[in-house]
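In what follows, a structure is listed as structure tokens, so that the remarks can point back to it.
None of the figures in this text is laboratory data; all of them are computed from the coordinates on show. Given the structure is predicted, the values throughout are model-derived calculations rather than measurements. Here the Cβ positions follow ideal geometry from the backbone for every residue, glycine too, while neighbour counts run over all protein chains shown.
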Amino acid sequence: MNRKKIIIPSIVTIIILSLIIFLIPIEPKNETGFIISFTYYLISNLTILFLISKNTSLELKKDILNVSTIYVYILLTIISTIFLFLSKVLLISTPIILILLLVLILISFISLYFLINGISFINSQEEKISIKTQNVNNWKTEIEIILNNCEKEELKKELIELYELIKYMDPISNDITMELDSKINQLIEQLKEDTNSKLIKEIYIIVNERKVLISNNK
């Protein structure tokens, strides 16, 4: 579900609902209160839509927090629509309308604030994890390329073993693994130039050292 498929229909729906309620052939019991509610309805819903469009990812269905933000928005729209309708058909004093609208504003923006900040936090954490796992992901890719280009069966077996070892190791790089990661990077670069058993075994040993080092520091 693309973000545009939510935003554009929502704007159209808001306009249609507001016009329907505005054109209902019933005189507002409190005209001032109704005008205030009507103004709030349009401004708040369009503002919330703007915030959602700026702070959610393009593919909403891929992120549970993005989806939750949309559900909260739909719920808030339903509540504000009902409130707008009631402000027209019922005699509600202007001060009470203002108080209720302030409560709605607080609930709306507090809910969206926490959801949007939750999205930002998760995205930043995913970015950090992506950076920390970049080394291991690169090793897997490089070894796979070397394996595909290798023609010697004996070396292929050794490369497969090395690939499997790297594939199932802890992918997170940190200060503790920095030195060993650097050595592995250098050796893989050498392996790309000259694929031989000695280098494969050397990388295998260092990768195992890395595994032990991470295990001992958990």
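Miscellaneous remarks
- Taking 7 Å steps out from each Cα toward its Cβ at MET178 and SER215 produces label points 2.5 nm apart.
- For the pair THR39 and ASN117, a Förster radius of 45 Å applied to the C-beta separation gives a FRET efficiency near 0.95, rounded to the nearest 0.05.
- Backbone geometry of the stretch 176-183 corresponds, through the Karplus equation with coefficients 6.51, -1.76 and 1.60 at θ = phi - 60°, to 3J(HN,Hα) couplings of 5, 8, 3, 5, 5, 4, 5, 4 Hz, x marking Gly and Pro.
- Long pairs among LYS156/LYS192; LYS156/LYS198; LYS152/LYS211, criterion Cα-Cα beyond 24 Å: LYS152/LYS211
- Packing-based order for 76-88, 197-209, using average beta carbon neighbours within 10 Å, highest first: 76-88, 197-209
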